[in-house]
Amino acid sequence: MAGSSGLGGGAGQGAALRASRAPLLLVALVLGAYCLRVLPGRCPPAARAPATAPAPSELSSSVRRPGASDLPVASGPGRRRFPQALIVGVKKGGTRALLEFLRLHPDVRALGSEPHFFDRCYQRGLAWYRSLMPRTLDGQITMEKTPSYFVTREAPRRIHAMSPDMKLIVVVRNPVTRAISDYAQTLSKTPGLPSFRALAFRHGLGPVDTAWSAVRIGLYAQHLDHWLQYFPLSHFLFVSGERLVSDPAGEVGRVQDFLGLKRVVTDKHFYFNATKGFPCLKKAQGGSRSRCLGKSKGRPHPRVPAAVVRRLQEFYRPFNRKFYQMTGQDFGWG
């Protein structure tokens, strides 16, 4: 009888233990799914099979520079060239919108996808990177955008090694609304994610958790300080994500000036879509319809308590002020 009672008690304790572990398992699964979402993805396929590419460290200095003749050139109209300008940041700042607006310009040829060469795929080599680029004619500019470059420690050095004359465009946005937008994007892909507050702070409304990428990206001054070790400030153009919505033609005009292009993209190309809450491109002459960015752009943000927003605003304020001093621009975030 005693043995029977012991077995029954053990079974009951085991069931209780399994029940207590169930919520922990659920949390682990959710966080695991979140981590999978933010881990680096695969490198994009090459547009054509490049010649065998040595590692960048093995390339001679002449090959490292854009326009070097040592790398293979694609046949057909135009040539594949290294970019002369990069949109290097920031995520959820408006980089996709800026890229699409610039692609209206006849002298801009831009890669549509994000190649992630200088952060994830650098081991593929410069010949592979060049093989991804669209063909350009003389006088046209080759561009690509990968917003994660701005927060990647190795990116400035790698880009400088390829082209110390690179023009760098950074689209910035109020770091609080940027972080909430970042969270909204991840939440749409990973339902069941912990709340924004739980991820942004430790111990309720304790210290801000700068280990969380959505918070860390908004420390613009810290990231820029590292870039300035390799490039002078004159090589940068800082675009306001807010003004890209309120005055797209004005901001795109600044970018065209920075790139040395004629102001071809103007007010006539835009209209404001009240449903999405940002500008769309008007129907081109002879085109079939107007064009807005994808459904993922302009998604509603989750409700974040006012106390959380205030705490983050206070946290970012000294970083914002330093960023204003570094760039010589006041973006009005407080």
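Worth a mention:
- The helices (runs of 4 or more DSSP H) found wholly in the stretch 168-282 and carrying at least 1 residues that are more than 21 Å from the chain's Cα centre (by Cα), charged (D, E, K, R) and modelled with pLDDT of 95 or more occupy 196-200, 248-258.
- Residues of the stretch 178-192 that turn out to be in contact (Cβ under 8 Å) with a residue 24 or more places away in the chain, more than 11 Å from residue 91 (Cβ to Cβ) and open to solvent by 30 Å² or more (accessible area, probe 1.4 Å), as a count: 4
- Some residue of the stretch 193-214 being more than 21 Å from residue 316 (Cβ to Cβ) and open to solvent by less than 10 Å² (accessible area, probe 1.4 Å): no
- Residue 146 vs. criteria open to solvent by less than 10 Å² (accessible area, probe 1.4 Å), closer than 20 Å to residue 115 by Cβ, touching a residue at least 12 places away in the same chain (Cβ under 8 Å) and out of contact with any helix residue (DSSP H, G or I) (no Cβ under 8 Å at 6 or more places or on another chain): yes
- For beta carbons closer than 8 Å, sequence separation of 6+ or different chains, a first residue in the stretch 230-249 that is over 14 Å from residue 333 (Cβ atoms) and a second that is of a type in the set (Lys, Arg), the qualifying pairs are 230/157; 235/167; 237/167; 237/254; 239/254.
The values are calculated or read from the model by the stated rules, or taken from the named source; none is laboratory data. Note that the structure is a prediction, hence the values are computed from the model and not measured. Glycine gets a Cβ as well: all are built from the backbone with ideal geometry, and neighbour counts include every protein chain shown. Note: areas computed on protein heavy atoms with side chains; ligands, DNA, RNA excluded. Shrake-Rupley method; radii C 1.70, N 1.55, O 1.52, S 1.80 Å.
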